[in-house]
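Just so you know, all these numbers are worked out from the coordinates, no wet-lab data involved. Computed from a prediction, not measured in an experiment: that's the story for all the values here. Cβ coordinates were reconstructed from backbone atoms using ideal geometry, including for glycine residues, and neighbour counts include every protein chain displayed.
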Amino acid sequence: MEVATSSVLQLPYTASSVGVARRRLIGDLLQAGVYEGTACDAGLVLSELISNALRHATPLPGRTVKVAWNLHQDSVAVAVSDGGGPTTPMVNEPTSWSIGGRGLGIVARLSLRWGVCAGDAHWESDQRGDDNRDRAANGHPRNGRAGNGNRACPSDGGPGETTVWAELPLRYGSPTGPNGLVTASRDGR
């Protein structure tokens with residue numbers, strides 16, 4: 001059986017699409033030999049991005065959301081495209097009693113980098129996950145084509161389309177030994 005190294009799905013703009021996309025991504029990563037915990041992290045990030053699109057943005061034409069992932073040798077890029085919204089996605093600092101507002105903080109913590117593409121504008125976090133939006137606000141948006149090894153926006157970006165993407169590190173292998181018990185390597189990973 002051939003393992004998918006990339007996939008693009010047009011899914012209905014409904015909450016049920018979150019689980020559909022997450023299961024498909026995790027299944028593809030596990031078939032490719034990615035460590036289960038890493039695959040689940042990627043599934044969590046994808047779930048957060050789709051949930052944010054459903055909550056804060058409008059659908060693409062046909063009442064859909066576009067979900068994509070691309071498996072690289074040492075990372076997986078996930079992306080969610082929607083029809084845009086009144087605000088730009090950003091990491092919040094919610095109070096401990098806030099009901100929401102933690103999703104992109106989770107994305108930033110689990111990702112090597114993440115970003116937003118809307119039309120010609122593109123910004124991304126640095127490799128520590130810090131938000132570089134201030135640079136974009138001062139007239140220096142990233143276009144994803146220059147420097148620092150950053151990959152371009154993972155979407156073809158149709159008119160009015162906004163894509164939020166994240167790149168996560170990959171670990172390959174199985175966390176269990178021959179007896180089914182969880183094992184660790186000598187360096188503790």
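Describe numerically, in nm with one decimal, the distance between label points set 7 Å from Cα along Cα→Cβ at Thr87 and at Ser51.
Placing both labels 7 Å beyond Cα along the Cβ direction yields 1.5 nm.
Near Ala79, within a Cβ-to-Cβ distance under 10 Å, what is the net charge of the other residues, with Lys and Arg +1 and Asp and Glu -1?
Counting the neighbours of Ala79, the net charge comes to 0.
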